[in-house]
Each structure stands twice: as structure tokens, then as C-alpha cells.
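Student: Once you've had a glance at the structure underneath, I'll fire off some questions.
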Ligand code: IPE
Ligand code: IPE
Ligand code: MG
């Protein structure tokens with residue numbers, strides 16, 4: 001039987017990839033460089049990931065670039081990370097528009113220093129009408145903080161009589177999360193060898209496939225991306241059903 005390559009790809013490709021980009025500091029230390037050099041090189045890998053996903057027809061990509069907990073790092077390291085985020089937004093704006101990528105920010109953007117906030121806001125504004133891949137930048141993001149904010153907004157509306165508590169459900173909670181415009185991630189990639197979520201998309205990752213690689217983020221290449229996507233295509237996602245049930249449904 002002739003197999004339709006496209007239908008297989010559609011079924012087996014993740015629609016939404018989320019990446020925890022980790023290992024910049026260790027990459028630099030291994031080379032006898034300051035940790036900030038790892039972040040500098042890591043920002044090149046960010047471009048590889050964004051344009052690699054775009055070229056592969058991925059519909060949504062979320063990048064965990066700076067967590068709410070990362071504010072407790074040394075001041076100089078935070079400054080480098082914030083400058084690199086600003087430079088990404090400033091330098092890539094034309095290419096992202098050209099590629100029709102719609103950028104959003106998740107996280108507490110008000111916490112960002114002025115240049116980073118302005119540059120990311122300008123990028124979000126310039127790409128808001130784009131219809132291609134969605135790119136969510138997680139900056140000063142924390143999954144628990146996002147859930148707390150959603151619950152607080154629902155409670156405030158309930159007090160005002162705008163929400164009936166008994167009617168609060170998964171969909172209404174989701175609509176108050178900062179990821180409300182994105183589908184749940186299908187595949188989470190974490191570089192750097194750690195096997196944890198570090199407060200990333202806790203609600204949204206309920207059924208995500210997790211792919212951990214020892215590759216440090218500055219060494220992330222298209223091969224790493226393809227390896228993760230290939231691993232994803234071999235997984236059977238069961239969502240609570242049995243393997244035979246899922247196989248039968250797949251025909
Ligand atoms: C990822 O690399 C960058 C951020 C978390 C912002 P790290 O800086 O965490 O690198 P390691 O884990 O210390 O090697
Ligand atoms: C997770 O990396 C956060 C980001 C990638 C932005 P960390 O390096 O901060 O995670 P932990 O502290 O090792 O869990
Ligand atoms: Mg780390």
C-alpha cells in the first residue's frame with residue numbers, strides 16, 4: 001500500500017513544541033568562559049530553534065527563556081540575559097514578520113527592564129496580524145504564578161457576579177492563563193540534561209511528551225530538533241486509554 005507521507009507527518013508531528021533551553025552556564029564553564037558567554041552563544045541557538053521549527057511547519061513554539069525564579073541569579077547575569085532578549089526582539093523583527101510568525105509574550109512582562117520590555121512589546125505589536133507559526137516567549141514566566149493569576153481573576157469575577165463558581169471548568173481556567181491562545185504543548189524539549197519542568201507550563205503540559213537531551217543549549221542544532229521530533233513520532237499518546245484502543249482508533 002502506498003503511504004501518504006504528508007498524512008503520516010500530520011499525525012506524528014507535534015503541533016506545539018515547547019523548549020526549556022538549559023545548559024548555557026555549564027557550556028561556558030566547560031570551556032573556561034564566564035557563564036554569560038554561554039548565554040551569548042545560546043542566543044544563536046534560539047534562532048536555530050525558531051527558524052528550524054518554522055521551516056518544519058510547526059504551528060506553535062514556546063521558548064522558556066527566563067523564569068520567574070531566574071530573578072534570583074547574579075545581577076550581571078540577569079543584565080546579559082535581558083540584553084540578549086532585547087537584541088533578539090530588535091534584530092529578528094523583520095525576519096519574523098517576513099515569515100508571518102505571530103509573537104506573544106507569556107510571563108510578567110512588567111518586571112522586565114525598559115529596553116527588553118519595549119523591544120518585546122514592539123515585536124508583539126509588529127507581528128500581531130501574522131497568521132503563520134505562533135511563537136510564545138516565556139519571559140519572567142512561572143507556571144504557578146500564572147495559575148495563581150488565573151484563579152485570582154476568576155475569583156474577582158465571581159465576587160462581582162460575572163462568573164458562577166459551579167460553572168468554572170477546565171476551559172474557563174485555560175482562558176485566564178497567559179497561554180490561552182495556544183494549544184497545549186505536544187512535545188517539551190529540555191536541553192542540558194536535567195529532567196524536570198522547573199515551573200514551566202504546569203497546567204498545559206498535563207499530556208505533553210517529554211524529551212530530555214544531554215546536549216547543552218548553545219550546542220542545540222537542527223539535528224537535535226529532528227532527533228526530538230523523531231522520538232515524538234515513535235511515542236504512542238494514550239490520554240488514559242489502552243494501547244490497543246489507540247491503535248484501533250488510528251486504523
Ligand atoms: C539556561 O541556561 C538559561 C536560563 C535559564 C536563563 P542556564 O544558565 O540555566 O545554564 P546552566 O543550567 O547553569 O548550565
Ligand atoms: C529553567 O532553567 C528556566 C529556563 C530555562 C528559563 P533553570 O536553569 O533556571 O532551572 P533549574 O533552576 O535548574 O531548575
Ligand atoms: Mg540551568
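The values are calculated or read from the model by the stated rules, or taken from the named source; none is laboratory data. Just so we're clear, the structure is a prediction, and the values are computed from it rather than from any experiment. Here the Cβ is made from the backbone with ideal geometry for all residues, glycine too, and neighbour counts use every protein chain on show.
Student: Please find, among 100, 110, 94, the residue that is in contact with a helix residue (DSSP H, G or I) (Cβ under 8 Å, 6 or more places away or on another chain) and either more than 14 Å from ligand 2 (Cβ to nearest atom) or at pLDDT below 95 (or both).
Tutor: Numbers: 100 fails: in contact with a helix residue (DSSP H, G or I) (Cβ under 8 Å, 6 or more places away or on another chain); 94 fails: in contact with a helix residue (DSSP H, G or I) (Cβ under 8 Å, 6 or more places away or on another chain).
Answer to the selection: 110.
Student: Here are the criteria: (1) in contact (Cβ under 8 Å) with a residue 60 or more places away in the chain; (2) away from ligand 3 (no atom under 14 Å from the Cβ); (3) surrounded by fewer than 21 Cβ atoms within 10 Å (Cβ to Cβ); (4) closer than 20 Å to residue 117 by Cα. Tell me which single one residue 69 does not satisfy.
Tutor: Evaluating residue 69 over (1) in contact (Cβ under 8 Å) with a residue 60 or more places away in the chain; (2) away from ligand 3 (no atom under 14 Å from the Cβ); (3) surrounded by fewer than 21 Cβ atoms within 10 Å (Cβ to Cβ); (4) closer than 20 Å to residue 117 by Cα leaves (2) as the failure.
Student: If you don't mind, another one. How many residues does region 64-89 hold that are within 9 Å of ligand 1 (Cβ to nearest atom) and assigned to a loop (DSSP other than H, G, I, E, B)?
Tutor: Number satisfying all stated conditions: 1.
Student: Among the residues of region 234-242, is there at least one that is within 30 Å of residue 84 (Cα to Cα) and more than 16 Å from the chain's Cα centre (by Cα)?
Tutor: No.
Student: Let me ask another. Going through region 72-82 one residue at a time, which ones are touching a strand residue (DSSP E or B) at 6+ places or on another chain (Cβ under 9 Å), away from ligand 2 (no atom under 11 Å from the Cβ) and touching a residue at least 12 places away in the same chain (Cβ under 8 Å)?
Tutor: 82
Student: Another question, if that's okay. Considering each of 209, 194 in turn, give the residue that is closer than 23 Å to residue 40 by Cα and surrounded by fewer than 21 Cβ atoms within 10 Å (Cβ to Cβ).
Tutor: Selected residue: 194, the only one of 209, 194 that is closer than 23 Å to residue 40 by Cα and surrounded by fewer than 21 Cβ atoms within 10 Å (Cβ to Cβ).
Student: Step by step: first the residues of region 134-179, then only those that are closer than 29 Å to residue 84 by Cβ and surrounded by fewer than 13 Cβ atoms within 10 Å (Cβ to Cβ), then the one that is farthest from the chain's Cα centre (by Cα). Which residue is that?
Tutor: Only one residue fits best here, namely 148.
Student: Suppose the filter is modelled with pLDDT of 95 or more and either under 15 Å from residue 84 (Cα atoms) or within 16 Å of ligand 2 (Cβ to nearest atom) (or both); does residue 37 pass it? Before you say what the answer is, go through the steps one by one.
Tutor: On the way: modelled with pLDDT of 95 or more: yes; either under 15 Å from residue 84 (Cα atoms) or within 16 Å of ligand 2 (Cβ to nearest atom) (or both): yes.
Spelling it out, residue 37 is indeed modelled with pLDDT of 95 or more and either under 15 Å from residue 84 (Cα atoms) or within 16 Å of ligand 2 (Cβ to nearest atom) (or both).
Student: May I ask you to say which residue of 18, 49 is outside any helix (DSSP H, G or I), within 13 Å of ligand 2 (Cβ to nearest atom) and either modelled with pLDDT under 95 or under 17 Å from residue 136 (Cβ atoms) (or both)?
Tutor: Just one listed residue meets the conditions, 18.
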